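Below: the structure, in structure tokens.
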Amino acid sequence: MKYKKLVIEYGNDNMPVEYKLLDYDIVQRWAERLIAAQNFPYPIDHPDRFYGFDPIENQIESAITNINLLCSKIEQQGIRIDRILQSINDQDTLNYLHSIFENYHGLLDNKLVSDNLEKMLCDLNIAVHRCESIQRGADPRHVVTYFGLPKTKVLLESDYQHFTNEYTFGSVYLNYVEIGKTLEDLALDNDKYISENAFQPFRHYSADFNVKFYNSNPKQIANHNQLVDDYYQRNSIFFEKKGLTKNSMLLRKGTIPLATLYSRISIDDLTSRQYVKKVKLYE
């Protein structure tokens with residue numbers, strides 16, 4: 001069986017949007033994971049996980065309120081959090097809060113806490129990334145995840161040739177599912193709280209994916225690539241000790257495209273439908 005089409009239904013009126021799957025081997029293996037998640041069945045974790053569609057002031061206010069409320073709830077579970085977030089641009093506090101998630105959650109599929117606290121910590125991780133998304137331009141996209149599905153599958157060496165950080169409107173991309181940060185994340189975040197074990201290259205994949213509704217800016221990509229390359233050079237000893245040279249496949253920037261938009265839709269079509277009702281694959 002070979003899948004050729006992805007259809008996502010959005011909003012209360014179940015607006016169908018069709019995406020054409022790319023002809024990569026990893027795309028079919030990702031599709032198998034998606035079917036496995038749906039057959040269990042695992043629900044979509046946050047069907048309303050949309051970024052960048054609302055007015056920026058509303059996004060900022062909502063993100064800061066939400067992350068501080070989560071921190072308060074986590075503290076009630078016995079985990080001390082010394083800070084509150086006051087500015088969306090306070091990357092140091094965001095790094096600190098991300099370290100709370102990493103330290104208490106545990107690395108991939110290595111649960112250290114109760115189900116209730118695990119969910120709060122996962123929500124904190126999402127809240128941190130939402131704040132970072134806003135401060136870095138609030139590019140519109142949405143994310144579909146199935147946290148319950150075990151993350152047991154790893155990319156093949158041949159899959160890394162498809163990595164890109166040049167994104168196109170309406171394209172579907174494989175989601176990073178590791179617990180930790182990639183080289184790109186480290187370069188962007190300047191994180192002084194992260195442990196050595198929390199550097200996690202993009203190895204595992206799951207059913208999780210995201211859909212980006214913007215086109216990358218070539219100048220911004222060039223600046224981003226230089227930033228990442230400079231970070232590697234400043235920390236080359238750390239990476240070389242792990243057997244990772246500058247051109248290692250595990251340090252590739254971006255992610256793997258899975259599908260391209262086939263339907264004709266606009267940002268306005270999705271702004272009033274920020275909810276994923278169904279995800280379907282077709283042969």
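What follows is calculated from the coordinates using simple rules that are stated; it is not laboratory data. All of these numbers come straight from a predicted model, not from anything done at the bench. Note: ideal-geometry Cβ built from the backbone for every residue, glycine included; neighbour counts use all protein chains shown.
A compact table of results
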item: Per-residue Cβ neighbour rank within 10 angstrom, fewest leading, 122, 131; result: 122, 131
item: Along principal axes, Cα extents of the stretch 165-281, largest first, whole Å; result: 48, 31, 25
item: Spatially proximal aspartates and glutamates relative to residue 246 (Cα-Cα < 17 Å; intrachain offsets below 8 disregarded); result: 157, 184, 185, 229, 230
item: Cα-centre dipole for the chain with unit charges at Cβ (Lys and Arg positive, Asp and Glu negative), debye to 20; result: 620 debye
item: Cα-derived Rg to Rh of the chain, Kirkwood definition; result: 0.94
item: The stretch 46-193: C-alpha gyration tensor shape, a/c 1.5 cut-off, then a/b vs b/c; result: oblate
item: Isotropically averaged projected area of the stretch 55-138, using the convex hull of Cα atoms (one quarter of hull area), nm²; result: 5.3 nm²
item: Value of [θ]222 nm, deg cm²/dmol, for the chain, DSSP H segments ≥ 4, -39500 (n - 2.57) each, nearest 500; result: -12000 deg cm²/dmol
item: Virtual paramagnetic centre 7 Å along Cα→Cβ of residue 196, amide N under 16 Å, in the stretch 233-269; result: 235-244
item: Residue order, fewest to most surrounding Cβ atoms within 10 angstrom, among 249, 1; result: 1, 249
item: Alpha-carbon Rg/Rh ratio, for the stretch 231-271, with Rh computed the Kirkwood way; result: 1.35
item: Eligible aspartates and glutamates near residue 277 by straight Cα distance, threshold 19 Å, same-chain separation 8 or greater; result: 9, 13, 18, 45, 48, 208, 268, 269
item: Relative contact order computed over the chain (Cα-Cα under 8 Å; 6+ residues apart), in percent; result: 34 percent
item: Reachable aspartates and glutamates, given that their alpha-carbon falls under 16 Å from the alpha-carbon of residue 242 and they are not under 8 places away in the same chain; result: 196
item: Under DSSP loop assignment and at most 15 Cβ neighbours within 10 Å, longest trypsin sites (Lys or Arg not before Pro)-free interval of the chain; result: 5-79
